[in-house]
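The numbers here are math on the coordinates, done by the rules we state, and not lab data. Quick caveat: nothing in here was measured; it's all calculated off a predicted structure. All Cβ positions, glycine included, derive from the backbone under ideal geometry; neighbour counts span all protein chains shown.
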Amino acid sequence: MKLKTLLAALLFISSHVLAADFTVVYQSTSNTPLSNPHDLKLSPDGKYLFVSDVGNNRVVLLDPETLAFVDAWGDDHQSGTHDVDFDKQGRVYVADTHNNRVTIYRMEGTKGVLVGELEGRIRGPEGVLIHSNGRVYVAGAWSGNAVAYKGGRVVSELGGLSAPHDLEETADGSIWLSDSNNHRVLLVSPDLKILRVLDRKTYDFNGVRYLDLLEDGTLVAADKNNHQIKFIAPDGKLLLVMGSGRREEGPDRFATPEGVEIRGNTIWFSDSGNNRVVKYVIRRQ
């Protein structure tokens, strides 16, 4: 990073890490061989952390407490595994990116059994959300759109995006959508109408990727190309920036982070460029 860019990044961080009433404390790192892990999802029962292991074309299950390896599956038919979500029946939906589809699995123990798929109107899906309204929302990174499926049919679509990635439901049913190559995060309605924009000028996004929400509605975003994690309050205030702005490895340091998963006061990140998953806890002040 050039000196001018580094100084700008440091000034940005120092001017914004003033409002948080919490700290985020490093706990542990995975030691399972992973290749460019992306998004993360805790199973509904909390027993397993599902990891989209992109470079190995598979879903990996880790113990969420110890980050120890539990199982892996999908590498016999997936290609470019990017995201995972669960429906109310416990079925697993996987963004099978390079196959231009979302695959659907029934879990048998720690293995996924393929039972269906969604495709059409999307290319290169990288984000998938099972909404409380029963619709399945998918971000087509290669097709530059987000679509909503109901009963296997596309019922809503938002175009004009650039490499969109994650979708996360808020408490009121609206959806945060990362419009990655436009360096912004959009709040959209269930019908995919834009309600609000978090832009690059305000938040210094650079390839923002996967997202999750704290219980109070604070948005946590993996800002990939800045090698940072950003915490944004519901009122839009930037509360905390983790990461130096440089590609590094170690506690509170990241290299092209992608995935974010939150349960209670525990946060897991995919530190993708370092081929690892890291665990943190939130300490309230």
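GLY250 - would you say it is of a type in the set (Gly, Ala, Ser), in contact (Cβ under 8 Å) with a residue 40 or more places away in the chain and at positive phi? Here the answer is no, as GLY250 does not meet what is asked.
Selection of first residues in the stretch 223-241 that are touching a residue at least 40 places away in the same chain (Cβ under 8 Å) and of second residues that are crowded, with 23+ Cβ neighbours inside 10 Å and among the polar types (S, T, N, Q), restricted to Cβ pairs under 7 Å at least 6 apart or on distinct chains, gives the following pairs, ordered by first then second residue: VAL241/GLN228.
For residues that are more than 10 Å from VAL136 (Cβ to Cβ) and not in a strand (DSSP E or B), tally how many sit in the stretch 152-161. Selection size over the stretch 152-161: 3. May I ask you to verify whether ARG209 is surrounded by fewer than 23 Cβ atoms within 10 Å (Cβ to Cβ), touching a residue at least 40 places away in the same chain (Cβ under 8 Å), under 19 Å from TYR93 (Cα atoms) and of a type outside the set (A, V, I, L, M)? Taking the combined requirement at face value, the residue does not satisfy it. Filtered by the rule that a residue be part of a strand (DSSP E or B) and within 21 Å of ASN99 (Cβ to Cβ), the stretch 62-75 gives ALA72, TRP73.
Of the numbered criteria (1) surrounded by fewer than 24 Cβ atoms within 10 Å (Cβ to Cβ); (2) hydroxyl-bearing (Ser, Thr, Tyr); (3) within 22 Å of VAL60 (Cβ to Cβ), the one THR218 fails is (3).
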